[in-house]
Amino acid sequence: MEASVPELSWVPAAGGGGRGGGRMLRATAGSVEQRDEEQEDEAEEELRDGGVPFYVNRGGLPVDEETWERMWRHVARIHPNGEALGKETRGATDLPKIPIPSVPTFQPTTTIPQRLEAIQKYIRELQYNHTGTQFFEIKKSRPLTALMDIAKEMTREALPIKCLEAVILGIYLTNNMPGVERFPLSFQSHFSGNHFHHIVLGVHCGGRFGALGTSRREDLMFKPLEFRTLMDLVQEFEGAYRGYWHTLRKVRIGQYVSHDAHSVEQIEWKHSILDLDKLTKEELRKELERHTRDMRLKIGKPAPPSPTKDRRNSMGSPLRGQGSPVRRISRIERRPSGDKKVLEPKSSAEINGYQIRV
């Protein structure tokens, strides 16, 4: 079985001063074995990138000197020619200027499929972040209004992003499209003894499903608005995973996300947790149909009131370290499929190990 060579399609050319710093999210074999299912659900996409721990810039932008140097050291470790590439890039004086993509704008006559394609094109133009350092800190427990502030910063800075950042950006860019419902759709796959996690933004409009997002793999992000059922969309992703010798193990689906950019609601990331090892194809179809009905029911429910202008101002920006209310989704609210499965022991992934990362 072949394994892919690690990639690095984008490296920054200059540093800058700034606030704060970052820290590496470490996941040892012992800690992975001890995590229970709920802890895994809360932070899986943020802990590992294709099975490899990665850094998160927690100090905002511009990146401070310590975080900047740490990023380059990490690049030297994870890229085959990292050290030489770093010296060559940092010492160059004639690097081409990186183009800044324009946030898409639409005419009233622009159709929904055309708008979604334009948004995906913008996400693609930002490029996937292969540096091993996530530039924007995404805390899933933050209220929607705080996450939208981070999305605005993504459009200002125009830096490469990872899959979870792309979901937040996709929500922001579709907020003014009330006919389009958005929901988180995340996957856990298995390959060569390791588990891998990925997330996209599912979309639903006019009786059809699709997806927005970013990935190393072309067929694990954007899906046009042409799938009749949620089952059809999930099977499309499952087929893509098979093409990379990955076995799709779990699918987690959230509820529809509010279109109110100032909402203090938290995104419900995992309303349904479907264990594909324990479900037949027909059982999976029924679970997905039930989740689709649950999402439709949420549309008719009034959202909690948004904060007043004074209250919004007092909340502050997430980049200034203000806390946000933490709400854990109870186990009763979720729809796990089958009995709880004992987590398989996972070996600690080597930074330089070859894996088919998706």
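Every read-out reported here was derived from the displayed coordinates using simple, explicitly stated rules and does not represent laboratory data. Quick caveat: nothing in here was measured; it's all calculated off a predicted structure. Cβ placement follows ideal geometry from the backbone for every residue including glycine, while neighbour counts extend to all protein chains displayed.
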Next item on the list: In whole Hz, with x marking every Gly and Pro, tabulate ³J(HN,Hα) for the range 250-259 from phi via Karplus 6.51 cos²θ - 1.76 cosθ + 1.60, θ = phi - 60°.
Entry: 9, 10, 10, 10, x, 8, 4, 9, 4, 8
Next item on the list: Starting from the Cα-Cα distance between Phe106 and Glu236, subtract it from 0.36 nm times their residue separation and give me the gain in nm to one decimal.
Entry: 43.9 nm
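Students often get this wrong, so check it: of Lys140/Lys281; Lys223/Lys298; Lys139/Lys250; Lys250/Lys270; Lys121/Lys223, which have C-alpha atoms separated by over 20 Å?
Values: Lys140/Lys281 31 Å; Lys223/Lys298 24 Å; Lys139/Lys250 22 Å; Lys250/Lys270 11 Å; Lys121/Lys223 12 Å.
Going by Cα-Cα distance, Lys140/Lys281; Lys223/Lys298; Lys139/Lys250 fall outside the 20 Å limit.
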Item checked: Efficiency of FRET from Cβ geometry, Lys139 and Asp277, R₀ 30 Å, rounded to 0.05 -> 0.50
Check: Cα atoms only, the range 102-297: Rg and Dmax in Å?
Finding: 16.1, 50
Note to self: To check you understand DSSP bridge types, tell me what percent of the beta bridges within the range 102-297 (both residues inside) are antiparallel, rounded to 5.
What the structure shows: 95
Margin query: What are the ³J(HN,Hα) couplings of the range 269-279, residue after residue, when phi is run through the Karplus curve with 6.51, -1.76, 1.60 and θ = phi - 60°? Round to Hz, x for glycine and proline.
Written below: 6, 9, 6, 10, 10, 10, 8, 5, 6, 10, 10
Item checked: Between the range 150-221 and the range 111-146, the Cα center-to-center distance that results, in Å -> 7
Checklist line | Chain lengthening between Thr247 and Lys298 when straightened (0.36 nm per residue, less Cα-Cα) | finding: 15.2 nm
